[in-house]
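Below is one structure, written out as C-alpha cells; the observations come after it.
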Amino acid sequence: MAITRERKGKILEKLKENIEKQKIIIFADFTGLKNKEFFALRKKLKDVGSEARVAKKTLINLALREKKLNVIDVRKLVGEIVLIFGFIDEISPAKIVYEFSTENKNFKILGGILEKNFVDPEKIEELAKLPPREEILSKLVLSISAPVSSFVSILRAIPQNLIFVLSQIQSKVQK
C-alpha cells in the first residue's frame, strides 16, 4: 500500500525532529524480525529515553540531507532499515541494540551516526561494551576526589604522629 504525500511529509518531519535532538543514530536491519520481538526492543529503548523509527530509505536520506548529516547513502544499506535514536546518551541505546542483535539473528547492526560522523558496527559494539554512564561518572568523581582525601589523611596524620612522639618522650622521661 502506497504512502500518501501527506503521510510522507509527517514521517519526514518526525525524522528531522528526532535527528535534531539525537546524540546517536544506529542503523539496523530488521528483516525477518517478528513483531513481538520488535515491540520488545522498542519498549527497552523507550525505558532509556531512546526511540526506534522505521521509514523508507529515501525519506531517511532526505531527512539526513536536510539536517546536514548526509555522511552515508542509506539506500546502499541492505535490508529493511530501522533507526534507533539515542536522546539522553550514546551508550544505553548501543548496549540495548547490541544485546538484542546477539539474541536475535534476524537483527543486524549496520552502523550509525555519532558526532556527525558515520561509524561502523564495530564502533557501536565498542560503545555497547563500555560501562554504564553512572559507573563512569562515579569513577571520575573518585579519581578527582582521591588527591583531596589523601591530602586530608596526611594532614590528619601530622598531629597523630606528634602525639605519638610526645607520648614516647614522656614514657622515657618517667623511667
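The values are calculated or read from the model by the stated rules, or taken from the named source; none is laboratory data. Note that the structure is a prediction, hence the values are computed from the model and not measured. Methodologically, a virtual Cβ is constructed for each residue, glycine included, from the backbone with ideal geometry; neighbour enumeration extends over all protein chains shown. Surface accessibility is based on the protein's heavy atoms, side chains included, excluding ligands, DNA and RNA. Shrake-Rupley method; radii C 1.70, N 1.55, O 1.52, S 1.80 Å.
Values computed for the structure shown
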read-out: Residue in the stretch 57-64 that is in contact (Cβ under 8 Å) with a residue 60 or more places away in the chain and open to solvent by 60 Å² or more (accessible area, probe 1.4 Å) present; value: no
read-out: Residue check, residue 107 open to solvent by less than 40 Å² (accessible area, probe 1.4 Å), closer than 26 Å to residue 9 by Cα and within 20 Å of the chain's Cα centre (by Cα); value: no
read-out: Residues within the stretch 71-85 that are under 18 Å from residue 11 (Cα atoms) and surrounded by 12 or more Cβ atoms within 10 Å (Cβ to Cβ), tallied; value: 7
read-out: Top-ranked residue in the stretch 22-51 [being under 14 Å from the mean Cα position of the chain (by Cα) and assigned to a helix (DSSP H, G or I); ranked as surrounded by the most Cβ atoms within 10 Å (Cβ to Cβ)]; value: 45
read-out: Tally, over the stretch 3-16, of residues that are closer than 13 Å to residue 53 by Cβ and either open to solvent by 90 Å² or more (accessible area, probe 1.4 Å) or in a strand (DSSP E or B) (or both); value: 2
read-out: Flag for residue 54 being surrounded by 15 or more Cβ atoms within 10 Å (Cβ to Cβ), farther than 25 Å from residue 135 by Cα and either more than 22 Å from the chain's Cα centre (by Cα) or free of Cβ contacts under 8 Å to residues at least 60 places away in the same chain (or both); value: no
